[in-house]
Amino acid sequence: MSALETVGLTKYYGETRGIEDLTLSVESGEVFGYLGPNGAGKTTTIRTLLGFIAPTDGEATVLGYDVRDERALIEAKKRIGYLPSDPGFDEGATGTQFLDYQASLKGDDRREELLELFDAPVERAIEEYSRGNKQKLAIVSAFMHDPDLVIMDEPTSGLDPLMQERFYDFLEDEQERGVTFFFSSHILSEVRKVCDRVGIIRDGKLVTTEDVETLLDRNGKRVRLRTNEPVAREEFEFAGVHDLVLDGAVQFTYTGEYDVLLDRLSDYHVVDVDIEEAPLDEVFMRFYGGEASTDEAGEVSASEGGEVDA
Ligand SMILES: Nc1ncnc2c1ncn2[C@@H]1O[C@H](COP(=O)(O)OP(=O)(O)OP(=O)(O)O)[C@@H](O)[C@H]1O
């Protein structure tokens, strides 16, 4: 059984499209990353899956429960964790009071263990918390009832790099225990680290789902190098080079074979080189941006992943 499934899921806010005709399925034990630019419909999807907003059309189940069935969803939520991107609290309550309340709704088998790992200052009033401490409290709350499925909306926003790493390690352990994750993210390194598969949403529609390796291979690397002598543009116009800029340095995005690149570079005296992951925005633009047009039948035509040559 899929841990999470949507068929033709659609949500309009009046005239405004939130998501449209979304069909996807996340298997039990899978870590599924949900990516898309601002306003794409990620939060709308998540809020619909949790029953916070009703779909306009289509169907969705979480752990087999219909999200439109309020009573069923109360049961389901005892086995589901939710980590919002900007958690709201009763600010006057202390962390302990908040967790006690959450525990009364869904249980708290793992509260102490999680507080040790993500030490939020639970004795203090939440209004005194920093953004990061609020997020840590939300993590404890999302996981303390030992859920089977965890839905997260940009889960590491507000966490410092050390806490982010701790959170990723924790997710890995949870995945090994068989927990399923569905989460939205803007951060490619996060997606690389933790996801098995990703779905990309744009303008409320699912453009593609694919495994992480495929996405990252297509994404390529951003290369910037300096040579001790000027280079001619045509020398760097070979397969896999995109968005070539010569501005004293040589800059481009590279999606080809690394052997070929290194072979080419060996012709120069390279005095400085940076090779880094291209940002997600570039993936959206290159593969799903300008070319992801909607045809007359309403189908997104770049879903085959047709690469756009620079
Ligand atoms: N309560 C609302 N009322 C009206 N329109 C809304 C509402 N919530 C979202 N929308 C619209 O629905 C679309 C999808 O928004 P959504 O918040 O789901 O995107 P997102 O992918 O989560 O964006 P972000 O990355 O910026 O959080 C946007 O056009 C947004 O303006």
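The values are calculated or read from the model by the stated rules, or taken from the named source; none is laboratory data. Treat the numbers as computed from the prediction; the structure is a model and nothing was measured. Cβ placement follows ideal geometry from the backbone for every residue including glycine, while neighbour counts extend to all protein chains displayed.
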### Task
Filter the range 23-82 down to residues that are within 16 Å of the ligand (Cβ to nearest atom), surrounded by fewer than 17 Cβ atoms within 10 Å (Cβ to Cβ), in a strand (DSSP E or B) and not charged (D, E, K, R), then give me how many there are.
0
### Odd one out for ALA120, checked against (1) within 16 Å of the ligand (Cβ to nearest atom); (2) among the small types (Gly, Ala, Ser); (3) free of Cβ contacts under 8 Å to residues at least 40 places away in the same chain
(1)
### Query
Within the range 258-279, can you find the residues that are at pLDDT 90 or above and touching a Gly at 6+ places or on another chain (Cβ under 9 Å)?
VAL260, LEU261
### Task
Please work out if VAL140 is within 15 Å of the chain's Cα centre (by Cα) and crowded, with 19+ Cβ neighbours inside 10 Å.
no
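For residues that are assigned to a strand (DSSP E or B) and under 9 Å from the mean Cα position of the chain (by Cα), scanning just the range 148-167, find the one that is surrounded by the most Cβ atoms within 10 Å (Cβ to Cβ). If you could, list the steps in order and put the result at the bottom.
Pass one, the range 148-167, residues assigned to a strand (DSSP E or B): 149-153.
Narrowing further to those that are under 9 Å from the mean Cα position of the chain (by Cα): 152-153.
Values: MET152: 24, ASP153: 22.
Among them, the one singled out is MET152.
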### Message
Conditions first: (1) surrounded by fewer than 18 Cβ atoms within 10 Å (Cβ to Cβ); (2) within 16 Å of the ligand (Cβ to nearest atom). SER184 passes all but one, so which condition is the exception?
### Response
(1)
### Query
Just wondering, is there one or more residues in the range 247-270 that are in contact (Cβ under 8 Å) with a residue 40 or more places away in the chain, at negative phi, exposed (fewer than 15 other Cβ atoms within 10 Å of the Cβ) and touching a Lys or Arg at 6+ places or on another chain (Cβ under 9 Å)?
yes
### Task
Would you please list the contacts, defined by Cβ atoms under 6 Å and residues six or more apart or on different chains, that run from a residue in the range 126-137 that is among the aliphatic types (A, V, I, L, M) to a residue that is buried (at least 20 other Cβ atoms within 10 Å of the Cβ)?
LEU137/GLY95; LEU137/ALA120
### Message
Any residue in the range 153-170 that is of a type in the set (A, V, I, L, M, F, W, C) sitting within a Cβ distance under 6 Å of a residue that is surrounded by 19 or more Cβ atoms within 10 Å (Cβ to Cβ) and assigned to a helix (DSSP H, G or I)? List the pairs, counting only those 6 or more apart or interchain.
### Response
LEU159/GLN135
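For residues in the range 3-17 being within 11 Å of the ligand (Cβ to nearest atom) and closer than 12 Å to GLY58 by Cβ, which is surrounded by the fewest Cβ atoms within 10 Å (Cβ to Cβ)?
Narrowing the range 3-17 to residues within 11 Å of the ligand (Cβ to nearest atom): 11-17.
Within this subset, residues satisfying the condition of being closer than 12 Å to GLY58 by Cβ are 11-12.
Details: LYS11: 22, TYR12: 15.
For the range 3-17, the residue satisfying everything is TYR12.
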